Amino acid sequence: MKKKKNRDRSDEKMKYEKEEIEETENKVEYGWYLKNVMFILILIGTSGIGMIILSISFGGLLRLILLPSGIAIVLMFLWPALGLLTMNLITGKNISHPTISFPEILNLESPKILDIGCGTGRVAIGMAKNLKNGGHIYGIDIFDRSISNNALETVKRNAKLENVEKKTTFQYGSATDIPFEDNFFDVVNISYVLHEIRDKPQVLSEIIRILKLGGTLYLTELQRASISTLLLMGPMCMTCKSKKFWYELFDDNGFKQIKHVEKGPIVIFTAIP
């Protein structure tokens, strides 16, 4: 009797574990942006809190050293870490991409759209789900670890789970050497990626090459001169590029029709060669 009970418990456990595995396999996984960096910032930032607490227990010169140092560490590390955490939680539910901010894209007939730095597909799949007049979304990435679980297999699985597998194609590819022929795309999108690339003129040159005549580039980045960005990142917001920087970059590299819209901490540019 006891053996039967143990066997029943074992069967129930195996059934539960199997269901859990199946649930994980059938769950879309977009990952966390800069997950490892965020946790490192939190660890360093919490040490600043410790220094502030210790400064209360000491006096004199030691307090003068610990208190301002602790405050500086909290501002420089913990604040942006909490901002990154907030950003990941928000973007997990609210995807910002060109077809939302610029619905005119949806009026294009069977557009070919490239998402550079597609990662796990959050933006590319969001655009694919919005397409109404046919079209196809392509995504390229070097698939580094800036996003957790960032891999070609992950983005393909996400597209399948979101029922846009037939509308999307994902592959390895670098922004400085885009693996597509000239005049191929109606739209190119690049979100939160260009600021990380050293050779920005080469990226823009490649984008001009693959865009059709009259095609449009959409660039999304965090903006520096924004209260929202300050609240999100603290003093680290100064690492973001200014709108002036992006306008000059576009103008110096063959883009003339340049506009932008602001949405809280982000700014989305449109540029036509």
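Only the coordinates and a few stated rules stand behind these numbers; no lab work does. If you're wondering where the values come from, they're calculated on a predicted model, not measured in any experiment. As a convention, Cβ positions derive from the backbone with ideal geometry for all residues, glycine included, and neighbour counts pool all protein chains shown.
What to note about this one:
- Inter-centroid distance (Cα atoms) of region 28-67 relative to region 136-213, Å: 36 Å
- Packing order of peptides 223-236, 105-118, highest average first: 105-118, 223-236 (average count of other Cβ atoms within 10 Å over each peptide's residues).
- Taking every DSSP bridge with both residues inside region 98-272, close to 40 percent are antiparallel.
- The chain shape via C-alpha gyration tensor axes, a/c threshold 1.5: oblate
- Of the residues Val203, Val187, Val37, the one that moves most in a GNM of the chain with alpha-carbon contacts below 10 Å is Val37.
- Converting the Cα gyration tensor eigenvalues of region 97-202 into ellipsoid dimensions via √(5λ) gives semi-axes, longest first, of 20, 17, 12 Å.
- Dipole orientation for the chain: of the candidates Ser228, Ser191, Thr169, Ser228 has the Cα lying most toward the positive pole (charges on Cβ; Lys, Arg +1; Asp, Glu -1).
- Restricting region 151-205 to trypsin sites (Lys or Arg not before Pro) in coil, as DSSP defines it, with at most 15 other Cβ within 10 Å: Arg198
- GNM top mover of Asp252, Asp186, Asp141 - the chain, alpha-carbon springs below 10 Å: Asp252
- Tyr172/Phe39 FRET efficiency (R0 25 Å; Cβ-Cβ; nearest 0.05): 0.35
- Listed residues Phe58, Phe185, Phe39, most fluctuating in the chain (Gaussian network, C-alpha, under 10 Å): Phe58
- Residue pairs, from the table Lys129/Lys160; Lys112/Lys156; Lys112/Lys167; Lys112/Lys241; Lys129/Lys256; Lys167/Lys212, whose Cα atoms sit over 22 Å apart: Lys112/Lys241; Lys129/Lys256
- For the chain, hydrophobic long helices are taken as DSSP H runs at least 27 Å long by C-alpha position along their axis with mean Kyte-Doolittle hydropathy of -0.5 or more; these are 35-57.
- Under the simplified labelling scheme, the Asp252-Leu89 pair shows an inter-label distance of 3.9 nm, with each label point 7 Å from Cα along Cα→Cβ.
- Amide proton proximity set for Ser191, modelled H, under 5 Å, gap of 5+: Ile116, Thr220
- Three-way shape label, region 151-206, alpha-carbon gyration tensor, a/c 1.5: prolate
- Virtual spin-label span in nm between Arg63 and Ala225, 7 Å along Cα→Cβ: 4.3 nm
- Dipole magnitude of region 98-272, debye to nearest 20 (Cβ charges: Lys/Arg +1, Asp/Glu -1, about Cα centre): 440 debye
- For the chain: relative contact order, % (alpha-carbon pairs under 8 angstrom, 6 or more apart): 16 percent
- Close amide H pairs (under 5 Å, H built 1.01 Å from N) link Phe170 with Gly139, residues at least 5 positions away or on another chain.
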